[in-house]
1. Can you name the residue in region A:138-153 that is within 18 Å of residue A:186 (Cβ to Cβ) and within 11 Å of another protein chain (Cβ to nearest Cβ) and is also surrounded by the most Cβ atoms within 10 Å (Cβ to Cβ) among such residues?
2. Only one of these is buried (at least 18 other Cβ atoms within 10 Å of the Cβ), β-branched (Val, Ile, Thr), part of a helix (DSSP H, G or I) and in contact with a helix residue (DSSP H, G or I) (Cβ under 8 Å, 6 or more places away or on another chain): A:230, A:262. Name it.
3. Of the residues in region A:179-207, how many are in contact (Cβ under 8 Å) with a residue 12 or more places away in the chain, outside any loop (DSSP other than H, G, I, E, B) and not hydrophobic (A, V, I, L, M, F, W, C)?
4. In the list A:98, A:77, A:91, which residue meets the criterion of being free of Cβ contacts under 8 Å to residues at least 12 places away in the same chain and more than 13 Å from every other protein chain (Cβ to nearest Cβ)?
5. Taking region B:1-58 only, how many residues are hydrophobic (A, V, I, L, M, F, W, C), under 27 Å from residue B:121 (Cβ atoms) and surrounded by 13 or more Cβ atoms within 10 Å (Cβ to Cβ)?
6. For region A:69-124, which strands (runs of 3 or more DSSP E) that fit wholly inside it have 1 or more residues that are within 15 Å of residue A:41 (Cα to Cα)?
7. Of these, B:167, B:175, which one is more than 19 Å from the chain's Cα centre (by Cα), within 21 Å of residue B:73 (Cβ to Cβ) and among the aliphatic types (A, V, I, L, M)?
8. Identify all residues within region A:233-258 that are under 23 Å from residue A:213 (Cα atoms) and out of contact with any helix residue (DSSP H, G or I) (no Cβ under 7 Å at 6 or more places or on another chain); write none if there are none.
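The values are calculated or read from the model by the stated rules, or taken from the named source; none is laboratory data. Note that the structure is a prediction, hence the values are computed from the model and not measured. Every residue, glycine as well, gets a Cβ built from its backbone with ideal geometry; the counts of neighbours run over all protein chains shown.
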Amino acid sequence: MQNPITEPSPAAERGPAAAPIVRFDRVHKSFGDLKVLDRLSFDVDPGERVTLIGPSGSGKTTILRLLMTLEHVTPTKDPAAEGGVIWVEGKPLSHMEKGNRLVVANERHLRQARKKIGMVFQSFNLFPNMRVLRNVTEAQVHTLGRSKDEAEAKARELLDLVGLSAKVDNYPSQLSGGQQQRVAIARALAMDPDILLLDEVTSALDPELVADVLGVLRDVADTTSITMLIVTHEMGFARDVSNRVMMFDRGVIVEEGAPDEIFSDPREARTQDFLRAVLAE
Amino acid sequence: MNEWNSETALEILPAMWQGFLVVLQVTLVAGIIAVVLGLLVAVGQRVGPPWLGRGLSGVFQFVRNTPLLVQVLFVWTATSLYINPEWSAFAVGSAVLGVHYASYTSETYRAGIEAIPVGQWEAATALSLPAHRVWGAIVLPQMMRRSTAAVANWIIAMFKEVPTLFAIGVLEMIAQAQKYQGQHYDGAVEGYTIAGILFLAASYPVAVAARRLENRLAKSHY
């Protein structure tokens, strides 16, 4: 079947001034019979900080995992006509161009395409057999091809930024959860990502460690122009850092808007219920 | 004739020592095969196409479920008749023993690989690390920490099975004792006793070292 490549169709009604850095164009995602995302469309502008909120199972984390290519979209028969494609910086991420058609991306395409995306995970996922410094240099050297000296200089600079310059020779197991998460943030930033995905980065932390991690992320948001997609239950952080908040339920966007709008005056009953429940915790 | 005789023991000792050295040589060769082949199979089952994984799994299931002695005799006979009668019993026996124990070490490695949290694979993917670094720098070091003590125990078990190769004429300790007994109509008690003592003297310290290694690895930073 012919699927002539066309420019991605406008997905959101917001009409961004710049070309979107991320575009979900009628994306489907199912796990077996469970439909997680249902023809989901939205755009994210370069430099924008978008927070995804919603109850468990609403599809927020799946969106980040699709962008990081840890999950793959449920393919449509005709991507050009039916959508089902994720675009990053104007190029297909979930698909690749073959002749004049879009076909589901292979591993080689994904490996190249995801280099501009970084992710910080809920459970840190540092490599426990490597010291802190090597956790931050490993991919710089072996993915980006930087020299060892260059990678170490960058790693030390970032570990200093996250307040862990004294821990470069420690193993992750010798650090607190908050420190491990800050190393993970440094590791993701070391790859100079255009897009940073933050997946409930404080959920696994003791309450007293949350502030340090959020502080580092606020600094990153203030001092860089990295586009961020954030899944969090830290509503204060979302309000401070985001340009836009999207409320999800059952794989669709229930409501979206500026943080003040969503947190102070939500229109939808579902958003009101969710925020009441979260803020009561 | 059936009682312990120290003079006979002293007389048979050099031959038993020769047999013991053969046991160590077989263990070394078969051990390398078991460690390397087991690892290749475990990794192959993970990264190869499904048919390869199923095929390797089926072959090793068969190997684990048939007696070592039958495998040794079958392969020795088959290679002598159909492949090359010049191949030595030492080489054939070591290979069979190594492959037999690779079927166990591969399962140990496989379990070690499967025990690595999925988050490690996901972090490696998120960083776009090439496959050789994912395996060489992340998966195998963590898997080895989990598997090394268990693999050492398989090698000790294999060491104690080397006398099986007596059946095809490898001159290990039991074969030496039998040879002496055939020539002198004496020395069975002394020969088997010395064999037992040498096996114990070699395997006990290794077992203790494996236990210590296990404890040390358990206390390591990852």
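1. Going through region A:138-153, the residues within 18 Å of residue A:186 (Cβ to Cβ) turn out to be A:138-144, A:146, A:148-153.
Going one step further and asking which of them are within 11 Å of another protein chain (Cβ to nearest Cβ), we end up with A:138-144.
Details: A:138: 22, A:139: 26, A:140: 22, A:141: 17, A:142: 19, A:143: 18, A:144: 16.
Among those residues, the one meeting the criterion is A:139.
2. Exactly one of A:230, A:262 is buried (at least 18 other Cβ atoms within 10 Å of the Cβ), β-branched (Val, Ile, Thr), part of a helix (DSSP H, G or I) and in contact with a helix residue (DSSP H, G or I) (Cβ under 8 Å, 6 or more places away or on another chain), namely A:262.
3. Of the residues in region A:179-207, 6 are in contact (Cβ under 8 Å) with a residue 12 or more places away in the chain, outside any loop (DSSP other than H, G, I, E, B) and not hydrophobic (A, V, I, L, M, F, W, C).
4. Working: A:77 fails: free of Cβ contacts under 8 Å to residues at least 12 places away in the same chain; A:91 fails: free of Cβ contacts under 8 Å to residues at least 12 places away in the same chain.
Testing whether each residue is free of Cβ contacts under 8 Å to residues at least 12 places away in the same chain and more than 13 Å from every other protein chain (Cβ to nearest Cβ) leaves just A:98.
5. Final tally of qualifying residues: 11.
6. Values: elements: A:85-88, A:95-98, A:101-104, A:117-120.
Hits in region A:69-124: A:85-88.
7. Of the residues listed, the single one that is more than 19 Å from the chain's Cα centre (by Cα), within 21 Å of residue B:73 (Cβ to Cβ) and among the aliphatic types (A, V, I, L, M) is B:175.
8. So in region A:233-258, the residues under 23 Å from residue A:213 (Cα atoms) come out as A:233-246.
Of everything in region A:233-258, those that are under 23 Å from residue A:213 (Cα atoms) and out of contact with any helix residue (DSSP H, G or I) (no Cβ under 7 Å at 6 or more places or on another chain) turn out to be A:236, A:243, A:244, A:246.
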